[in-house]
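Here the structure comes first, spelled out in structure tokens, and everything after it is commentary.
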Amino acid sequence: MRRYITLLFAALALCCCTKNEEAEKLEPLIDVTPVNLAGVWMLTSYDNGATLQQGDYVYISFERSERTYTIYQNIGTMYSEIKSGHYFIETDTMLGAVIRGNYGTDEYNYFDWSHRYIVELRASTMRWIATDDKENISVYTRVESLPEELR
């Protein structure tokens, strides 16, 4: 009996070490600031794990000084759509960093995003979780630049 308990504790210790090592391989979270968001991001999964269909894309480019963004996408259409607007980062004591934004057709017609998102930011990836729908999770990967055909 004592041998089984010893083996059980050894197995538990091994599992804990393996999980800790895997956690250390992840990039650490960084502050969600316009400087850290700046650049181009590609949507890699959404709705808590679904991937884009072949040929579909979503890219979002953040500009830090004016706090503007541009989205290039073709989800649900065969044509590319481009939307742009302003984004705002807030810190919520319970949720952490929350991003919201607006987009518009001209300088007078702006519409708010349909959700606000909790942002978990790493150097090369970020996760957005809708504050009002925890199953609405989008994962983005940082890329060097927009594909040539979108520039």
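The values are calculated or read from the model by the stated rules, or taken from the named source; none is laboratory data. No experiment lies behind these values; they were computed from the predicted model shown. Virtual Cβ from ideal backbone geometry, glycine too; neighbours counted across all protein chains shown. Surface accessibility is based on the protein's heavy atoms, side chains included, excluding ligands, DNA and RNA. Shrake-Rupley method; radii C 1.70, N 1.55, O 1.52, S 1.80 Å.
Quick one: accessible surface of Glu66, probe radius 1.4 Å, all protein chains present, in square angstrom to the nearest 10.
Glu66 exposes around 120 Å² with every protein chain in place.
How many times 2.2 N^0.38 Å is the alpha carbon radius of gyration of the range 21-87?
Taking the Cα Rg and dividing by 2.2 N^0.38 Å, one obtains 1.34.
Modelling each spin label as a point 7 Å along the Cα-to-Cβ direction, I'd like the Gln54/Met94 distance in nm, to one decimal.
Here the modelled spin labels are 4.5 nm apart.
Starting from the amide H of Ile30, placed 1.01 Å from N in the peptide plane, find each other amide H under 5 Å away whose residue is 5 or more places distant or on another chain.
Counting only residues 5 or more places away or on other chains, the set is Leu121, Arg122.
Mind listing the long-range amide H neighbours of Val143? Cut-off is under 5 Å, sequence gap 5 or more, other chains count too, H placed in the peptide plane at 1.01 Å from N.
Under 5 Å from the amide H of Val143: Val40, Trp41, Met42.
In square angstrom, what is the accessible area per residue of the range 51-151 with a 1.4 angstrom probe?
64 Å²
Give me the percent of accessible area attributable to carbon and sulfur for the range 24-151, probe 1.4 angstrom.
Using a 1.4 Å probe with all protein chains present, the range 24-151 comes out at 48 percent carbon and sulfur.
How high is the FRET efficiency between Ser65 and Glu135 when r is their beta carbon distance and R₀ equals 41 Å, given to the nearest 0.05?
Working from the Cβ atoms, E equals 0.75.
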